[in-house]
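Take a look at the structure set out below.
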Amino acid sequence: MMLQCREAARQVSKGLDAPLPLKERLSLAFHLWLCPRCTEYQRQLLALRAMLGEELEKLLHPSGDSDDSLTAKEKEYLLQPLTRSGG
């Protein structure tokens, strides 16, 4: 049975945080092959994650020409969810 879009979206999101089991990866890949809307949803989530990662990197490691640097405590707070999810 093919995944419904709602379940595919859940798996796309889940797959960003941790590797999916083989069966889920295969069913998601098949769904994405057939469903342009879910493929676009995955592309948007990946782009959003990349943009947020770039902004977080700028905050954590400023170039030195701005006052946007964070304290060690602020950096630790921002990194907590990433270290818990393995991202």
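Go through the range 5-31 and give me each residue that's more than 16 Å from residue 48 (Cβ to Cβ) and of a type in the set (Asp, Glu).
Result: 7, 24.
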Problem set entry | the range 1-29, subset without any contact (Cβ under 8 Å) to a residue 12 or more places away in the chain and within 15 Å of the chain's Cα centre (by Cα), residue surrounded by the fewest Cβ atoms within 10 Å (Cβ to Cβ) | 19
Exercise. Which one of 59, 32, 45 is modelled with pLDDT under 75, in a helix (DSSP H, G or I) and surrounded by 12 or more Cβ atoms within 10 Å (Cβ to Cβ)?
Worked result: 59
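The values are calculated or read from the model by the stated rules, or taken from the named source; none is laboratory data. Just so it is clear, the model here is predicted, and its values are computed rather than measured. Virtual Cβ from ideal backbone geometry, glycine too; neighbours counted across all protein chains shown.
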